[in-house]
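Below is one structure, written out as structure tokens; comments come after it.
Please treat every number below as a calculation from the coordinates, not as lab data. Everything numeric in this text was worked out from a predicted model, so none of it was measured. We place every Cβ from the backbone using ideal geometry, glycine too, and count neighbours over all the protein chains shown.
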Amino acid sequence: MTEINASIRFDQRLYRQDIRGSMAHCRMLVRQGLISPAEGKKIQAGLQTILREIEAGRFKIDLKLEDIHMHVEARLAELIGKPAGRLHTARSRNDQVATDFRLWVRDAIDRIDAGLLDLQKTLLRRAEEYAATVMPGFTHLQAAQPVTFGHHLMAYVEMVGRDRSRLNDARARLNESPLGAAALAGTSLPIDRTSTAMELGFDRPMANSLDAVADRDYALEFLSIASICAVHLSRLAEEIVIWTSAQFRFITLSDAFTTGSSIMPQKRNPDAAELVRGKVGRIIGSLNALLITMKGLPMTYGKDMQEDKEPTFDAVDSLELCIAATAGMVADLKANSARMQEAAGEGYTTATDLADWCVRKIDMPFRQAHHVAGSLVKLAESQDKPLEALTLKEMQSVEPRISKDIFAVLGVQNSVKSRVSYGGTAPANVAKQIARWRKLLAKEKGKADAR
Ligand code: ARG
């Protein structure tokens, strides 16, 4: 029973939030006249001592004391004697753990958001550097149209931006206080839930005591956001794995983010990227685990809910590592611009530019222009040469109205320069998007400081 029942091995990570919650609760009890100021003082001092003991690694764990809440209370009794027994007035471990865990997830959200902001800044910096570096854009992992590396990196700035916006939404929904819901039904004692909510930085107390102790939406919501974010990081990681391969050679990573092989001296394995790609499995697994744990639990608290912490802790640890490793790799990578540009032209990637030229210059319907471009690709392919190596005569054999200025659009540089539609890959566009994001991120700084 002791082994299966105890959560202290993992929920000791809640100690800071637990002590913070107890301090707020204690001050409220004093204000409401439920305990005397002298008792309140002793409790506060005792809690301070316990905090210091834990931080110094001088706190003894006893499985029989089950969890962090009982450990703190038992130690408080050792330290200050009788008044310790008054701290749990109008409170239960059910609202206590719900409060602690909410505070913990909120802290994790804030740390992760800061990590993602750092990643965005790193991506922006590199995107600016490579705003005009041409590479092949892919669909189906087949060379499709030339794009710029800067534009590609900016796609991740957008993804991370949505991750952060989701974290922000979840934080707002999470930010209500369960404290004072007591076991499940509230209390007959004259407590003030609004004041503890405010003191703990919550926006308001939760309105339903049953929901307050039974709800784990905030952890589920966090885990689903973490999963989506991890998927984004994993997709970039996969690209890094592809780009660093000998077949692509688009980028290189330094030894800081690669490892050597014990047997093949030429190898430089992108382990950090592979692990970012790999860890997404446990993060999604954590979401899955908690969804399954919560499914079918009748109102209100059930001990099953003690299983909420390990997957959440593990997902937070994994995601924080993934974010840091990704930012590190993005800062570290060196693009092989010559190789990227060369690849950008392989696979007839300017065929669409050719079709667009026919639409623009000789007023051809796009479907027909698509057909003309297709025939020219076939012709070039049959002679095993790139589009721009076709002679004007050969082009005119397919469409007589083609003139020599068509050659201007066949180069990959001209191709990307021409993609000036909003959101397109033209270097001038990319520069504008970088400036827009810089402004957005600068504005945010004030918000974070206010918090
Ligand atoms: N260790 C428990 C948990 O993490 C704390 C709440 C226990 N509540 C109870 N009624 N036994 O969920």
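Quick notes on this one:
- Descending Cα extents along the principal axes, region 49-138, whole Å: 72, 28, 22
- Evaluating 6.51 cos²θ - 1.76 cosθ + 1.60 at θ = phi - 60° for every residue in region 310-324, the Karplus couplings come out as 4, x, 5, 4, 5, 5, 5, 4, 5, 5, 4, 4, 4, 5, 5 Hz, glycine and proline recorded as x.
- Amide H contacts of Gly137 (H built 1.01 Å from N, under 5 Å, at least 5 apart or other chain): Ala144, Gln145, Val147
- Zone residues, region 215-234, relative to Ala324, backbone N less than 18 Å from point 7 Å out along Cα-to-Cβ: 230, 233-234
- For region 70-215, the calculated P(r), taken from all Cα-Cα distances in 5 Å bins from zero up to the bin holding the longest distance, is 2, 9, 13, 13, 12, 10, 8, 7, 6, 6, 6, 4, 3, 2, 0, 0 percent.
- Selection from Gly423, Phe407, Ala442 lying farthest towards where the dipole of region 397-447 points positive, charges on Cβ: Ala442
- Evaluated with a Cβ-only charge set (Lys, Arg +1; Asp, Glu -1), region 139-223 carries a dipole of roughly 180 debye about its Cα centre, given to the nearest 20.
- Using the Karplus relation 6.51 cos²θ - 1.76 cosθ + 1.60 with θ = phi - 60°, the per-residue 3J(HN,Hα) values for region 170-175 come to 5, 4, 5, 6, 5, 7 Hz, with x marking Gly and Pro.
- Cα shape, region 151-200, gyration tensor, a/c 1.5 rule: prolate
- Distance between the 7 Å Cα→Cβ label points at Glu342 and Gln413: 1.8 nm.
- Shape call, region 199-250: gyration tensor on alpha carbons, a/c limit 1.5: prolate
- Under 13 Å of direct C-alpha separation, and excluding same-chain neighbours fewer than eight residues apart, Lys432 reaches these aspartates and glutamates: Glu128.
- Residue ranges 165-177, 273-285, 292-304 sort as 273-285, 165-177, 292-304 when ordered by packing (mean number of other C-beta atoms within 10 Å per residue, highest first).
- In summary, region 222-270 shows an alpha-carbon radius of gyration equal to 1.43 times the 2.2 N^0.38 Å reference for compact globular proteins.
- Rounded to the nearest 0.05, the FRET efficiency derived from the C-beta distance between Met299 and Lys121 at R0 = 51 Å is 0.70.
- Over 18 Å (Cα to Cα) - which of Lys121/Lys443; Lys361/Lys404; Lys393/Lys417 fall in this group: Lys393/Lys417
- Candidates Gln17, Ser36, Leu116 compared by Cα position along the dipole of the chain: farthest toward the positive end lies Ser36, with charges placed on Cβ.
- Residues whose amide H falls under 5 Å from that of Thr259, counting only those 5 or more places apart or on a different chain, are Asn269, Asp271, with hydrogens built in the peptide plane.
- Rounded to 10°, Cα long-axis angle of helix 93-129 versus longest principal axis of the chain: 20 degrees
- Across the options Met264, Thr300, Leu220, the greatest Cα extent toward the positive end of the charge dipole of region 198-347 (unit charges at beta carbon of Lys, Arg, Asp, Glu) belongs to Met264.
- Along region 360-369 the Karplus relation, 6.51 cos²θ - 1.76 cosθ + 1.60 evaluated at θ = phi - 60°, assigns HN-Hα couplings of 5, 8, 10, 6, 8, x, 4, 4, 5, 4 Hz to successive residues, with x for each Gly and Pro.
- P(r) for region 235-308, from all Cα pairs and a bin width of 5 Å, is 3, 13, 18, 15, 10, 8, 7, 8, 7, 6, 4, 1, 0 %, short bins first.
- Degrees separating the helix 271-294 axis from the principal Cα axis of the chain, which is the longest one: 50 degrees
- Semi-axes of the equivalent ellipsoid for region 268-342, Cα gyration tensor, largest first, Å: 39, 11, 9
- Calculated Rg and Dmax of region 1-73 using C-alpha coordinates, Å: 13.5, 40
- Here r is the Cβ-Cβ distance between Leu441 and Val231 and R0 is 22 Å; the resulting FRET efficiency, rounded to 0.05, is 0.45.
- Whole-percent P(r), region 147-252, all Cα pairs, 5 Å bins from 0: 2, 11, 14, 15, 11, 9, 8, 7, 6, 5, 5, 3, 1, 1, 0.
- Figure legend: label point modelled 7 angstrom from the Cα of Met1 along Cα→Cβ; residues of region 267-302 with amide N under 19 Å from it are 302.
- Taking the convex hull of the alpha carbon positions in the chain and averaging its projected area over all directions gives 28.7 nm².
- Spin-label zone in region 202-221 - amide nitrogen under 17 Å from a point set 7 Å from the Cα of Ala185 along the C-beta vector: 208-214
- A Cα-only calculation for region 334-451 places Rg and Dmax at 19.5, 68 Å.
- Helix 15-31 axis versus longest C-alpha principal axis of the chain: approximately 50°, rounded to the nearest ten.
- 17 Å Cα-Cα reach of Lys64 towards lysines, excluding residues that sit fewer than 8 places from it in its own chain: Lys303
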